[in-house]
Amino acid sequence: MSLIWDKGKSTVNARIQAFAAGEDVMLDRVLFVHDIVASKGHVKGLARIKILSATEEVALLEGLDRLKTMFENGEFVLDERFEDGHSAIEAQLTEWLGESGKKVHTGRSRNDQVLVATRLYLKAALDELASLCEATAHALLDRAEAEMWTPMPGYTHLQRAVPSSVGMWLAGLAEGFIDDAELARMTFQWVDQNPLGTAAGYGVNIPLDRAFVTEELGFARMQVNPIYAQNSRGKFEIQVIDCLCQAMLDVRRFAWDLSLYTTAEFDFVHLPDDYTTGSSIMPNKRNPDIVELLRGTYGVLEGARVELAQVLSLPSGYHRDLQNTKPPLIRAVEKGLGAMALMSDLVQALEFNREAMHSAISPDMYATDLAVEMAARGVPFREAYREAAAQIPNLVDRAPQESLKVRTSPGGAANPMLDVLRARLKS
Ligand code: ARG
């Protein structure tokens, strides 16, 4: 392993170095392209303050582009030859360019290098999360609109309560994902701060043009204090996992609904074959594994959040412990986005058993309608409630659509305000 900090005389104990490196070099594959992009910004910044000549700048930028292409098409493999992705960039540029390559690290540290690469990764993850939540909400709203008058029982405590509709169920889920998208976009703005140029956490004795590099890398603002830049490592990551967790709460709720509604006992929803698996021993089984793994994703993310938060019990400044924020972060982002990426197709694929849902609505479920009807005519509600309760044994069956058609309170089936929800999606 070549070590960037080797001063020419250190002997390397392979076992100790392997412990220190951990899975870092593998995880840096996820950050590598962001690291290269940030390195290009750093090179441009150094050229602006004449630390690099125009020729050196061009050579380094070309070298970084070449490395990016070679990494993407598999010609350059980031592996144990390097301590981490950051060292690999300098080693490769030095191999290709000699002296100019050795200049790339002027005024930066791996401490701000890992921060900026991770920050770009967080921004990309939040952007993707927001888009996936929006796509899921669109799919849910489309199906909600088509099924607004399709009756299904509304439950509280998992006990039959009042007639509801498939459309109300799906629009409710859509509104959750609309909020999740908004949270991801708000968090994007919060983390959109450039830590590059803070070096090891104390600044450097050259006038780095941090404002220029901030703009060059597409950040909205500079993260000013170098010590805070280090202290924000993990803090920002937690906030991103929280956004993913919010989306996974809604995924988990939906997955729970589906795992109930696809049982023989409910039989409200049918999942296409793609979403089910068989049993190795029970030939009759058709299991909703995908839905269950979607449900389980929240737990994985919450675990990652706790793991990451545990790392952060540290004093100010950089500590190597911070390397341990990477595994939970990357696990959470990959699992969370992986789950979200299945959602809109799953929504579109659901098949509804309209008869089963309709026949699960029993006459007693109109008792609330009856009480409210009487109250609307002027009977004090408590009296109307008792009167309706007394009538339950001989309530005549009604058509659920009649109940839905008069559910005019805003958000109800007769006034679902889907246009309002759609407008929130556009903004
Ligand atoms: N792999 C390290 C991390 O993730 C990179 C920074 C190393 N910095 C250092 N001073 N050893 O934190």
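The values are calculated or read from the model by the stated rules, or taken from the named source; none is laboratory data. What you see is a predicted model; the values in this text were computed from it and never measured. With ideal geometry, Cβ positions are generated from the backbone for all residues, glycine too; neighbour counts draw on all protein chains shown. We work out accessible area using only protein heavy atoms, side chains counted, and drop any ligands, DNA or RNA first. Shrake-Rupley method; radii C 1.70, N 1.55, O 1.52, S 1.80 Å.
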- request: Answer yes or no: is there a residue in the range 111-124 that is within 15 Å of the ligand (Cβ to nearest atom) and among the basic types (Lys, Arg).
  value: yes
field: Test set (1) within 12 Å of the ligand (Cβ to nearest atom); (2) modelled with pLDDT of 95 or more; (3) surrounded by 22 or more Cβ atoms within 10 Å (Cβ to Cβ) - Phe82 fails condition number
entry: (2)
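Going through Arg331, Arg382 one at a time, which residue ends up being open to solvent by 30 Å² or more (accessible area, probe 1.4 Å) and away from the ligand (no atom under 16 Å from the Cβ)?
Details: Arg331 fails: away from the ligand (no atom under 16 Å from the Cβ).
None of the others qualify; the one that does is Arg382.
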query: Can Ile238 be described as open to solvent by 10 Å² or more (accessible area, probe 1.4 Å) and either in a helix (DSSP H, G or I) or among the polar types (S, T, N, Q) (or both)?
result: yes
field: Residues being among the hydrophobic types (A, V, I, L, M, F, W, C) and without any contact (Cβ under 8 Å) to a residue 24 or more places away in the chain - total across the range 125-157
entry: 1
statement: Restricting the range 57-79 to residues that are surrounded by 15 or more Cβ atoms within 10 Å (Cβ to Cβ) and in contact with a Phe, Trp or Tyr (Cβ under 7 Å, 6 or more places away or on another chain), the one nearest to Arg320 (Cα to Cα) turns out to be Leu78
- request: Kindly list, by first and then second residue, each pair from a residue in the range 299-323 that is under 19 Å from Phe19 (Cβ atoms) to a residue that is β-branched (Val, Ile, Thr), limited to pairs with Cβ atoms under 6 Å and residues at least 6 apart or on different chains.
  value: Val311/Thr325; Asp321/Val311
- request: Show the residue pairs that are 6+ apart or on different chains and have beta-carbon atoms under 9 Å apart, the first residue being within the range 30-56 and over 25 Å from Lys326 (Cα atoms), the second being small (Gly, Ala, Ser) and part of a loop (DSSP other than H, G, I, E, B).
  value: Gly45/Gly107; Gly45/Gly197; Leu46/Gly107; Ala47/Ser53; Ile49/Gly107; Ile51/Gly107
- prompt: If you go through the range 91-99 one residue at a time, do you hit one that is in contact (Cβ under 8 Å) with a residue 60 or more places away in the chain and within 34 Å of the chain's Cα centre (by Cα)?
  reply: yes
task: Select from the range 156-207 the residues that are in contact with a helix residue (DSSP H, G or I) (Cβ under 7 Å, 6 or more places away or on another chain) and open to solvent by 40 Å² or more (accessible area, probe 1.4 Å) and list them in ascending order.
output: Arg160, Val162, Glu175, Leu183, Arg185, Phe188, Trp190, Ala200, Tyr202
message: Of everything in the range 25-70, what is within 16 Å of the ligand (Cβ to nearest atom) and within 24 Å of the chain's Cα centre (by Cα)? Give them in sequence order.
response: Val25, Met26, Leu27, Asp28, Arg29, Val30, Leu31, Phe32, His34, Asp35, Ile36, Ala38
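Without any contact (Cβ under 8 Å) to a residue 12 or more places away in the chain and within 18 Å of Ala414 (Cα to Cα), is that true of Gly218? Give the steps one after another, and end with the answer.
On the way: without any contact (Cβ under 8 Å) to a residue 12 or more places away in the chain: yes; within 18 Å of Ala414 (Cα to Cα): no.
When the stated conditions are applied, Gly218 does not pass them.
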